[in-house]
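See structure below.
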Amino acid sequence: MHVLLATSELNPYSKTGGLADMVSALSRALAGSNLQVSVITPLYRGMAQAHPAIEATSWRLAIPLGDGLVEGRFHCQKLSPNLTFWFVEQAGFFDRPGIYTEANRDYADNAARFIFLSRAALILARHLPNPPTVLHCHDWQTGMIPILARHAQWHAGWAQPPQTVFTIHNLAFQGSFPAASWGLTGLPSDWLHLESALHFERVNFLKAGLTQAQAITTVSPNYAREILTPEYGCGLDGLLLKRYNDLSGILNGVDYEEWNSASDPALPSGFSAHDLSGKAMCKAALQRELGLPEDAEVPLFANISRLTDQKGSALILQTIRALIDAGESFQFALLGSGERALENAFGDLAQRFPNQVAARIGFDPALSHRIEAGADFYLMPSRFEPCGLNQLYSLRYGAIPIVRATGGLQDSVIDPRDNAAQATGIKFTTYSAAALQKAVLKALALWKEPAWLQHIRHNGMTADFSWEKQAAEYVSLYESVCRE
Ligand code: ADP
Ligand code: GLC
């Protein structure tokens with residue numbers, strides 16, 4: 001079987017969040033299980049220079065988009081005999097400072113940019129010498145692929161397009177554009193209706209994927225249930241209920257080659273569940289790097305994320321302030337970027353309390369590894385969380401996760417109240433600063449019980465979230481859509 005994955009982000013070439021990690025790790029795991037795997041993604045600014053193994057090919061594209069013809073070119077990197085990454089060059093669309101936004105504003109032509117990517121994915125699928133049997137689309141940016149494939153089958157003589165699978169990484173981002181942008185797709189105007197992409201009189205790319213793909217998945221079993229409710233369904237719960245039989249939740253895994261605490265090149269010292277001395281060195285080095293007092297006795301909490309409501313950033317801010325006011329002894333390190341007001345608020349807090357709080361505003365993958373390694377606890381009070389990867393990285397790196405019991409956080413962390421023997425973290429239910437604060441107070445109490453702390457940390461560090469098992473679930477799904 002040959003699977004083509006289409007994505008707008010791919011680690012380590014481009015990344016704004018977990019989508020990049022997931023598609024990269026899934027493609028490698030699938031290739032490891034002997035499938036033929038290709039991935040298609042844009043060639044963004046600086047990628048070819050940073051990754052000299054990416055080679056320009058002579059395969060050029062000319063894609064009609066609205067009234068114009070947009071040219072592009074495929075680049076390619078063969079990672080192994082059965083894993084190939086394809087990069088689409090289109091300087092006007094992708095050679096820009098940002099991936100989706102600049103100065104916190106969406107690019108005005110995002111509809112055109114990602115229709116172009118989707119059309120390029122279909123050209124690749126149609127003309128590769130060994131055409132894919134399954135085309136696996138990820139998030140709204142590739143949501144138009146299934147309907148474009150169907151049109152090519154019915155009206156452009158493509159006898160056997162691949163079966164399509166659509167994965168929801170985040171239902172809150174839907175790619176909603178004015179109805180006029182339908183013209184960019186080249187699809188007949190009567191193909192835009194409530195059973196395809198039309199949603200509140202706009203073109204909704206995510207809805208197009210959800211209505212047209214053969215199978216739908218999301219990135220945890222719990223989020224797959226949650227999105228059937230109005231609270232989490234972002235206006236698409238009714239549609240998802242209709243497609244209930246085609247919807248499944250498969251928890252993301254971790255790329256343990258990238259997240260290997262024993263051999264991580266970003267760390268000053270390696271460590272493992274059986275020998276934590278290196279972790280103590282990582283903590284001391286992190287405290288020095290962030291300008292916090294170097295102190296092994298004080299618990300270090302951390303958070304690395306997009307600063308938004310989804311991630312509960314405001315709850316973290318309120319909780320840290322309240323605990324400082326209450327005179328609690330702890331440190332907190334933040335790495336993140338996002339909403340300006342939150343960036344400023346964390347920056348102010350760090351300035352006012354330099355002995356307790358460090359805030360790094362920006363995007364820094366190497367620092368994110370050092371923070372996971374140096375931290376004792378990791379805060380993840382998400383309002384919703386389709387899967388979440390940082391709690392999984394935290395488990396492996398011995399930073400005990402404190403999570404809100406939602407989405408994939410519910411599926412991947414075990415609270416002592418549910419199972420003391422296998423506990424890996426601390427969970428709370430209500431999305432509020434008070435509930436988070438109570439959970440952090442539990443962590444502070446745990447810090448004073450070294451045997452308990454070590455038990456929970458050890459369980460987390462030895463828990464197995466490797467991709468092999470999860471990739472096998474995708475393989476069965478691909479096989480089942482191919483039988484249809
Ligand atoms: P989401 O995709 O919703 O942002 P995930 O937990 O799935 O959440 O994945 C986020 C990924 O992005 C993780 O790999 C995390 O370490 C990384 N990340 C988020 N913010 C930053 C940052 N400021 N610097 C470096 N890495 C970051
Ligand atoms: C999304 C979700 C996150 C998930 C990631 C990778 O960005 O917000 O929960 O882990 O995709 O699937």
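The values are calculated or read from the model by the stated rules, or taken from the named source; none is laboratory data. All of these numbers come straight from a predicted model, not from anything done at the bench. Cβ: placed from backbone, ideal geometry, glycine included. Neighbour counts: every protein chain shown.
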Inset, instruction - Answer yes if at least one residue in the stretch 136-146 is within 16 Å of ligand 1 (Cβ to nearest atom), assigned by TED's automatic domain parsing to the domain that holds D67, modelled with pLDDT of 95 or more and among the aromatic types (F, W, Y), and no otherwise. - result: yes
Inset, instruction - Return the residue satisfying two criteria in turn: it lies in the stretch 335-356 and is surrounded by 15 or more Cβ atoms within 10 Å (Cβ to Cβ) and among the charged types (D, E, K, R), and of such residues it is farthest from ligand 2 (Cβ to nearest atom). - result: E343
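Here's the yes/no breakdown for (1) in contact with a Gly (Cβ under 8 Å, 6 or more places away or on another chain); (2) surrounded by 22 or more Cβ atoms within 10 Å (Cβ to Cβ); (3) farther than 19 Å from Y478 by Cβ:
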| site | (1), (2), (3) |
| --- | --- |
| P129 | no, no, yes |
| V134 | no, yes, no |
| T142 | yes, yes, no |
| H155 | no, no, yes |
Inset, instruction - Can you run down the residue pairs with Cβ atoms below 6 Å, 6 or more apart or on separate chains, where the first is in the stretch 227-246 and in the same structural domain as H169 (by TED's automatic domain parsing) and the partner is surrounded by fewer than 16 Cβ atoms within 10 Å (Cβ to Cβ) and part of a helix (DSSP H, G or I)? - result: L228/L241
Legend entry - A296 being in the same structural domain as D139 (by TED's automatic domain parsing) and among the small types (G, A, S): no
Inset, instruction - Residue by residue through the stretch 123-148, note down the ones that are in a loop (DSSP other than H, G, I, E, B) and in contact with a strand residue (DSSP E or B) (Cβ under 8 Å, 6 or more places away or on another chain). - result: L128, N130, P131, P132, T133, D139, G143
Legend entry - strands (runs of 3 or more DSSP E) wholly inside the stretch 3-109 that include at least 2 residues being surrounded by 23 or more Cβ atoms within 10 Å (Cβ to Cβ): 36-42, 83-89
Inset, instruction - Inspect all residues belonging to the stretch 32-43 and state whether any of them is at pLDDT 95 or above and more than 24 Å from the chain's Cα centre (by Cα). - result: no
Inset, instruction - Restrict the check to the stretch 390-402 and report whether at least one residue is assigned to a helix (DSSP H, G or I) and either among the basic types (K, R) or surrounded by fewer than 23 Cβ atoms within 10 Å (Cβ to Cβ) (or both). - result: yes
Legend entry - Filter result (away from ligand 1 (no atom under 11 Å from the Cβ) and not in a strand (DSSP E or B)) within the stretch 360-382: A373, G374, A375, D376, P381
Inset, instruction - Answer yes if at least one residue in the stretch 422-433 is assigned to a helix (DSSP H, G or I), away from ligand 1 (no atom under 16 Å from the Cβ) and aliphatic (A, V, I, L, M), and no otherwise. - result: yes
Legend entry - Residues that are in contact (Cβ under 8 Å) with a residue 24 or more places away in the chain and on the phi > 0 side of the Ramachandran plot, drawn from the stretch 44-101: G66
Inset, instruction - Inspect the stretch 21-28 for any residue being in the same structural domain as N130 (by TED's automatic domain parsing), in contact (Cβ under 8 Å) with a residue 60 or more places away in the chain and away from ligand 2 (no atom under 13 Å from the Cβ) and give the result as yes or no. - result: yes
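Based on what the data block shows, is R340 basic (K, R) and under 26 Å from D264 (Cβ atoms)? First the steps, then the outcome.
Values: basic (K, R): yes; under 26 Å from D264 (Cβ atoms): no.
No: the conditions fail for R340.
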Inset, instruction - Could you tell me which residue of the stretch 357-385 is nearest to ligand 2 (Cβ to nearest atom), considering only residues that are buried (at least 22 other Cβ atoms within 10 Å of the Cβ) and under 18 Å from the mean Cα position of the chain (by Cα)? - result: E385
Inset, instruction - Determine if the stretch 271-293 includes at least one residue that is small (G, A, S), in contact with a His (Cβ under 6 Å, 6 or more places away or on another chain), part of a loop (DSSP other than H, G, I, E, B) and within 16 Å of ligand 1 (Cβ to nearest atom). - result: no
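Which members of the stretch 260-281 meet the condition of being of a type in the set (D, E) and crowded, with 17+ Cβ neighbours inside 10 Å? Reasoning before the result, please.
If we filter the stretch 260-281 for residues that are of a type in the set (D, E), which is where we start, we get 264, 275.
Scanning the stretch 260-281 gives a single hit, D264.
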Inset, instruction - Identify all residues within the stretch 332-360 that are over 18 Å from R105 (Cα atoms) and of a type in the set (G, A, S); write none if there are none. - result: A333, A345, G347, A350, A358, A359
